[in-house]
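Input: a single structure, listed below in structure tokens.
The values are calculated or read from the model by the stated rules, or taken from the named source; none is laboratory data. This structure is a prediction, so every number in the text was calculated from the model and none was measured. Cβ placement follows ideal geometry from the backbone for every residue including glycine, while neighbour counts extend to all protein chains displayed. Just the protein is used for accessible areas: all its heavy atoms, side chains included, with ligands, DNA and RNA removed. Shrake-Rupley method; radii C 1.70, N 1.55, O 1.52, S 1.80 Å.
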Amino acid sequence: QQQHIDRSRSNGTNGAAASAATAAAATAALSEEDDILARAQHLLDHSHSTHSTATAAAAAASRSAVTTLAPPRQQALRLRSAGYLLPHPSKRATGGEDAFFVTGVGYGCVGIADGVGSWADEGIDAAAYAKGLMHAAADICESSSGSESSQDVLTYAQACTDAPGSCTALVARLQPNRVLDVCVVGDTGLRVIRENRVVFETEVQEHAFNLPFQLACPDIIPEADTPETALSYATTLQPGDIVVAGSDGLFDNMWDQQLANIVTRSMR
């Protein structure tokens, strides 16, 4: 019997009483060689309000420039990343339904997956698919040459994950030319914060209100969405930029400027 993937998110889109948040953050740090990385301090700062929110920030130290007669070579950037999972209080015993990964392999990559909670009504672990997807995504990022796009990473991860359930997802991978390659399925999101303001943001991808695009195992749910229909972005980063990726539990409960203020305060 077919499962229907077009289902409302059991957590709801707004309201602290039914929200969980996952966030991963990275800072763009200067690097001249693979073995010379800018010193970064990871600061995790989350709100004490009644909303379930998670934020993460990292501060990077800049390197001094060297005077040379030759044209300056643009230094590569690397992501220095960290992640934080804050389940809704009613889901703390099971660890929540979200998953993430961060890796420094290559120039850095982060991923977020938000399991669809309504699968629990059918006796299915709503976190299983999200965790499996992120595990597979991390595997290819850490074992490959780094030439794959973020869409390639999610395509591989979906093909490797056969757990029941579904999730929204996002992968962001920094390329050698300082371009952050982002692939978004559903209502996970990403913001780039520079000088206390959001300079880049992703959009929500929905079939209808409260029905976000979702990844699932096609053998179990043939009508599942795929990364081929995902939203793809390419944005150029600058040294010191803060990249925050999170589930809808973060962005549904916090304005972008609130997020930017927390990140900026954490860097002081």
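Side notes on the structure shown:
- Entirely in region 165-214, the strands (runs of 3 or more DSSP E) that have 1 or more residues that are closer than 14 Å to residue 149 by Cβ and of a type outside the set (S, T, N, Q): 166-174, 179-185
- Single residue of region 67-92 satisfying the filter (in a loop (DSSP other than H, G, I, E, B) and touching a strand residue (DSSP E or B) at 6+ places or on another chain (Cβ under 8 Å)) that is modelled with the highest pLDDT: 87
- Residues located in region 154-182, provided they are surrounded by fewer than 24 Cβ atoms within 10 Å (Cβ to Cβ) and farther than 11 Å from residue 136 by Cβ: 164, 175, 176, 177, 178, 179, 181
- Residue match in region 227-247 (condition: touching a residue at least 24 places away in the same chain (Cβ under 8 Å), surrounded by fewer than 17 Cβ atoms within 10 Å (Cβ to Cβ) and acidic (Asp, Glu)): yes
- Considering each residue of region 135-147 in turn, none proves to be of a type in the set (A, V, I, L, M), touching a residue at least 12 places away in the same chain (Cβ under 8 Å) and in a loop (DSSP other than H, G, I, E, B).
- Considered as a group, the residues in region 215-240 that are outside any strand (DSSP E or B) and touching a helix residue (DSSP H, G or I) at 6+ places or on another chain (Cβ under 7 Å) include one that is farthest from residue 76 (Cα to Cα), and that residue is 226.
- Among the residues making up region 248-268, those that are open to solvent by 10 Å² or more (accessible area, probe 1.4 Å) and in a helix (DSSP H, G or I) are 248, 251, 256, 257, 258, 261, 262, 264, 265, 266, 267.
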